[in-house]
Amino acid sequence: MADDGTVRRVEAGGKDNGPTVYWTPGERILWRYRENAGERFHIARPVTVVRDDDEMLAVWMAPGTRCVKPVLADGTPPHAEPLESRYTKPRTVRLDRWSGTGVLKLARPGEPWSVWLFWEPGWRFKNWYVNLEAPLVRWSGGVDSEDHFLDICVYPNRSWGWRDEDEFAQAQRDGLMDARLARRVREAGRSAVEVIRAWGPPFSEGWQHWRPDPSWSVPSLPEDWDRTPAYVTS
């Protein structure tokens, strides 16, 4: 990590690097997503490491974080575009700041989803959000994935519901996801539901009571946020 708080940029040496090198709490990394129909990154969020070991990566995205998000070529937010043309119109990216209260993201190695925790102002816990996605791939500066549209919302009373099923169906119609991948995503979702129903980790681990270290500053977005890394394999 640089002294000015920016995400560290030391490049990995490529494959066969031996055991995974874990980040320490307080380090700053990038959490990124590629486009679903290309190799470009269209989401990049600087985050602070809360925990990183062979069981879990936990990171905190602070309020006001400067990040990268996708927009239509004319600047329209994707969700303001009708669903039928949302994924077919040309896109670009723009810089913005996270306006929410902050998000805690939890991911287990090799799992095809991550679990996000949201709070209302005043640290009133709102919900868990299961983001179905490709398993995270580590590199020296962070982790990369691809979003799979379908999500699950889990509430404090342990009830849950599917989210964005319409977008999941539209992405298939528009060729962003073939039938084989769609089946895998559905299977991943059903596996996540089994964990929810059993109230397994991370839901049972009390993360809703976690709070960030008050000494942490908001990480900066590096200028080369979209660079292609040499991925680390464990």
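Annotations for the structure displayed:
- Charge context of Leu72, other residues only, Cβ under 9 angstrom, K/R +1, D/E -1: +1
- Taking the number of Cβ atoms within 10 Å of each Cβ as an exposure proxy, the fewest-first ranking of Leu30, Leu181 is Leu181, Leu30.
- Over the chain, Cα pairs under 8 Å with separation of 6+ residues give a relative contact order of 24 percent.
- Helical mean residue ellipticity (222 nm; -39500 (n - 2.57) per DSSP H run of 4+; nearest 500) of the chain: -4500 deg cm²/dmol
- With the highest mean first, a sort of the peptides 108-115, 169-176 on other beta-carbon atoms found within 10 angstrom per residue produces 108-115, 169-176.
- Sparse-neighbourhood loop sites, chymotrypsin sites (Phe, Trp or Tyr not before Pro) in the stretch 134-234 - DSSP loop, at most 12 other Cβ within 10 angstrom: Trp199
- Selection of trypsin sites (Lys or Arg not before Pro), the stretch 14-72, meeting DSSP coil and at most 10 other Cβ within 10 Å: Lys15
- Our estimate of slack between Trp199 and Asp178, defined as 0.36 nm per intervening residue step minus the Cα-Cα distance, is 4.4 nm.
- Neighbourhood net charge (10 Å Cβ-Cβ; Lys/Arg +1, Asp/Glu -1) for Trp98: +3
- Calculated over the stretch 28-209: convex hull of Cα atoms, volume per residue (Å³): 122
- The chain, dipole about Cα centre (Lys/Arg Cβ +1, Asp/Glu Cβ -1), debye to the nearest 20: 320
Coordinate-derived values only; no laboratory data. Quantities reported herein were computed from a predicted structural model and do not represent experimental measurements. Methodologically, a virtual Cβ is constructed for each residue, glycine included, from the backbone with ideal geometry; neighbour enumeration extends over all protein chains shown.
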